[in-house]
Amino acid sequence: MKQSLFEVKRNFIIKLGKALHKYGTPAFRLESHLRNVAETLGLDGYFLVTPTSLTFVLWAPDDTQEYNYVMRVKPGEIDLGMLARTNQLVEKVSNQQITLGEAMDSLNKWAQFPEPYPPMIMLGAYAITGGGFAMLMAADWLTILCASLLSIVCYYLARQAERSDDFSEALEPVAALVCSFVAVSLGQFLPELDIGIVILSSIIILIPGLSLTLGLTELAARELMSGTARVMDGGMVLFKLYFGAVLGMAIGSLVWGQVDLHQYATSTWWIKWLGVLLLSLGLSIVFKMRNKDMIWSLLSGAIAYASALLGSVYLGDALGPFVGAFVVTLYANLFAKLTKSPASVVLLQGIVLLVPGSKAYLSLNSMVFGESLVSIPNIGSQTFLIFMSIVGGILFANVAIPPRSSL
């Protein structure tokens with residue numbers, strides 16, 4: 001039986017919402033975007049999105065037809081390449097360049113796409129992400145190398161988790177346990193190894209700094225249900241990682257004896273800048289960015305890091321990220337206006353370099369044991385202030401230069 005125009009429109013909006021949620025779109029952006037799409041198609045709509053559920057209510061302006069849709073979903077994973085493609089698809093629908101039927105066919109076809117990067121490239125991305133973060137932590141070359149190698153172990157475990165729902169629930173503590181035990185074991189044969197930074201760098205890609213920041217941003221936007229859910233989920237992931245790391249170190253101390261968490265730092269400035277580029281490149285691949293957007297992503301990381309450094313000189317370490325978040329969000333909004341792509345495509349890489357996910361992990365260790373894996377004074381209060389500085393920078397920048405798209 002032939003579908004009515006209302007059914008075609010509502011099916012497209014539902015399909016679009018499910019796809020964007022799957023690609024990791026934050027709730028407040030997704031709800032706003034779906035309202036705009038519904039209005040463009042001549043429908044009224046109410047949308048309630050959380051990390052684990054979708055509720056859509058759609059009706060015709062004359063109230064002759066209405067449709068309710070409720071679905072429980074898994075939290076989405078960031079896929080910036082598909083996010084950009086989907087945004088372009090909506091642009092074409094809005095400009096009547098393609099029909100809704102053609103748009104639905106494209107969404108269905110994209111759902112069957114293979115991974116954009118082969119496993120060996122993803123493995124390399126994990127390795128340079130761990131090594132790049134160790135560079136940012138002013139580690140020596142031995143520590144950087146070991147961090148990169150253990151990041152490969154983390155990638156292998158992440159791949160196994162994709163094949164097993166049961167193992168995926170235990171990925172974080174298992175990865176932290178394995179990496180911390182191996183790091184402690186390596187430390188027995190490599191006395192100059194900075195075990196604390198190796199552990200932190202090897203699991204940095206699992207630390208939910210970005211998730212916590214997005215959750216706080218949603219709370220600031222009065223998306224209380226989604227924001228609370230995302231913050232609590234990020235906090236639980238943080239606890240699981242911390243438990244796994246502590247257990248791995250405890251097992252290591254049973255096998256090898258007392259663990260010495262000494263630090264060997266290097267202050268060479270260019271190593272940190274190399275770390276910024278490597279970390280941005282690795283995250284661009286992990287976030288499945290399109291090749292044509294890669295250079296913009298690397299520039300985003302450099303802008304965020306340089307702005308935060310400059311801000312720290314005048315405002316202090318805790319408020320420096322406010323400047324970084326403000327500048328990189330302006331950059332992302334200008335990028336969106338010039339390229340007609342979502343600002344998120346380049347914003348996330350810059351924000352990741354600013355979010356204190358590692359400091360949240362370290363402050364947790366400081367709160368439990370009274371000392372930190374890495375020596376940073378006043379780390380607990382500093383971590384909270386950095387989170388809020390980033391949220392404030394994003395909000396202020398969106399007022400200064402409003403984003404072109406709700407994505």
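The values are calculated or read from the model by the stated rules, or taken from the named source; none is laboratory data. Everything numeric here is computed off the predicted structure, so don't read it as measured data. All Cβ positions, glycine included, derive from the backbone under ideal geometry; neighbour counts span all protein chains shown.
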Out of all the residues in segment 289-309, is one or more on the phi < 0 side of the Ramachandran plot, part of a loop (DSSP other than H, G, I, E, B) and surrounded by 16 or more Cβ atoms within 10 Å (Cβ to Cβ)? yes
Tally time: how many residues in segment 136-182 are more than 28 Å from A304 (Cα to Cα) and either in contact with an Asp or Glu (Cβ under 9 Å, 6 or more places away or on another chain) or among the aromatic types (F, W, Y) (or both)? 5
Pull up segment 310-360, narrow it to residues that are closer than 12 Å to I386 by Cα and among the β-branched types (V, I, T), then point me to the one that is modelled with the lowest pLDDT. V355
Starting from segment 218-238, keep only residues that are surrounded by fewer than 17 Cβ atoms within 10 Å (Cβ to Cβ), then list their pairs with residues that are outside any helix (DSSP H, G or I) and among the β-branched types (V, I, T) whose Cβ atoms are within a distance under 6 Å, requiring at least 6 positions of separation or different chains. M225/T50
With criteria (1) under 25 Å from P116 (Cα atoms); (2) touching a helix residue (DSSP H, G or I) at 6+ places or on another chain (Cβ under 7 Å); (3) at pLDDT below 90, R29 comes up short on (2)
Based on this model, can you work out whether A229 counts as more than 18 Å from the chain's Cα centre (by Cα), assigned to a helix (DSSP H, G or I) and assigned by TED's automatic domain parsing to the domain that holds A158? no
Do you know which of the residues in segment 166-189 that are of a type in the set (D, E) and within 21 Å of the chain's Cα centre (by Cα) is nearest to M120 (Cα to Cα)? E172
I'd like the full set of residues that are in a strand (DSSP E or B) and either aliphatic (A, V, I, L, M) or in contact with a Ser or Thr (Cβ under 6 Å, 6 or more places away or on another chain) (or both), limited to segment 27-60. L48, V49, T50, L54, V57, L58
Only residues that are over 24 Å from Q112 (Cα atoms) and not in a helix (DSSP H, G or I): list them for segment 1-26, please. M1, K2, Q3, S4
When you scan segment 196-210, do you find a residue that is in contact with a strand residue (DSSP E or B) (Cβ under 6 Å, 6 or more places away or on another chain) and at pLDDT below 95, even just one? yes
Would you mind stating whether L54 is at pLDDT 90 or above, touching a His at 6+ places or on another chain (Cβ under 8 Å) and surrounded by 20 or more Cβ atoms within 10 Å (Cβ to Cβ)? yes
Limited to segment 118-133, what total is found for residues that are of a type in the set (V, I, T) and crowded, with 24+ Cβ neighbours inside 10 Å? 1
Given the structure, is A138 modelled with pLDDT of 90 or more and outside the structural domain of L309 (by TED's automatic domain parsing)? no
Condition (residue is among the acidic types (D, E) and under 30 Å from V198 (Cβ atoms)) applied to segment 54-66: is it met by at least one residue? no
Every residue from segment 190-213 that is hydrophobic (A, V, I, L, M, F, W, C) and either surrounded by fewer than 24 Cβ atoms within 10 Å (Cβ to Cβ) or more than 21 Å from A125 (Cβ to Cβ) (or both): L190, L193, I195, I205, L206, L210, L212
Given the criteria at pLDDT below 90 and either closer than 21 Å to T25 by Cβ or touching a His at 6+ places or on another chain (Cβ under 7 Å) (or both), does G380 qualify? no
Inside segment 190-226, can you point out the residues that are out of contact with any Phe, Trp or Tyr (no Cβ under 8 Å at 6 or more places or on another chain) and of a type in the set (S, T, Y)? S202, S211
V276 - would you say it is of a type outside the set (G, A, S), modelled with pLDDT of 90 or more and in contact with a Gly (Cβ under 8 Å, 6 or more places away or on another chain)? yes
Of the residues in segment 105-123, those that are part of a helix (DSSP H, G or I), within 20 Å of S151 (Cα to Cα) and in contact (Cβ under 8 Å) with a residue 40 or more places away in the chain come to P119, I121, M122
Exception for A158 within (1) surrounded by fewer than 21 Cβ atoms within 10 Å (Cβ to Cβ); (2) within 17 Å of E77 (Cα to Cα); (3) at pLDDT 95 or above falls at (3)
